[in-house]
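Worksheet: one structure, shown below.
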Amino acid sequence: VHAVPFFLSSLDEVVFVPLTQLQGKRILALSSIANPIRFHDMLRALGATVIASDLGDHADYSETIIQNVILDAEKSGAEMIVTTMKDTVKSRKYFEREKHAIPVNILHHSFEFLHGEDGFYKAIDRIL
């Protein structure tokens, strides 16, 4: 199974942002996932210059952490902060409390089978 970028959405509003908006942009990639390299690679494949901000798997978010993320984004010249759906659940309330000029977007993705799709569905059918 391979993750495929599907679309971006704004953290502030339910606004879809075209993936093409990443092309040529400096992006602060915020995550607390086990393998952030795949997240960074997806963003790079979409044409972004990635500034990694990895908090470690299952990190606890706080107001101070988000303040530091925003400060890091500003200092590094990031034009956008992009995070994962998982991290949005944990960070949204802190981003909403902070005043900042850098847009925060969520990368949504879907999964694509590279091989073995039929076997996967047959195994599910056997279980059900």
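The values are calculated or read from the model by the stated rules, or taken from the named source; none is laboratory data. Only a predicted model underlies this, so the values are computations on that prediction, with no experimental measurement involved. Virtual Cβ from ideal backbone geometry, glycine too; neighbours counted across all protein chains shown. Quick note on the areas: whole protein, heavy atoms, side chains included, nothing else; ligands and nucleic acids left out. Shrake-Rupley method; radii C 1.70, N 1.55, O 1.52, S 1.80 Å.
Here are the numbers for the structure shown:
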quantity	calculated
Sites residue 126 and residue 57, calculated FRET efficiency, Cβ-Cβ separation with R0 41 Å, nearest 0.05	0.80
Under the Karplus curve 6.51 cos²θ - 1.76 cosθ + 1.60, θ = phi - 60°, whole-Hz ³J(HN,Hα) for the stretch 94-107, x wherever Gly or Pro sits	6, 5, 5, 7, 8, 8, 7, 8, 7, x, 10, 10, 10, 8
Rel. contact order, % - alpha carbon contacts under 8 angstrom, at least six apart, the stretch 48-118	34 percent
Solvent accessible area, Å² - residue 125, 1.4 Å probe, full protein context	110 Å²
Correct choice for Rg and Dmax of the Cα atoms in Å that was computed from the model, options (i) 14.5, 48; (ii) 17.4, 54; (iii) 16.1, 54	(iii)
Share of carbon and sulfur in the accessible heavy-atom surface of the chain [1.4 Å probe, %]	55 percent
Formal net charge of residues neighbouring residue 37 (Cβ-Cβ distance under 15 Å; K, R +1; D, E -1)	-1
Order of exposure, largest accessible area first, which applies to 124, 81 with probe 1.4 Å	124, 81
Heavy-atom accessible area order for 58, 108, 40, 115, largest first, 1.4 Å probe	115, 58, 108, 40
Residue 74 versus residue 113: modelled label distance in nm, points set 7 Å from Cα along the beta carbon direction	4.9 nm
Accessible surface, the chain, averaged per residue in Å² (probe 1.4 Å)	60 Å²
DSSP bridge orientation in the chain - percent antiparallel, rounded to nearest 5	40 percent
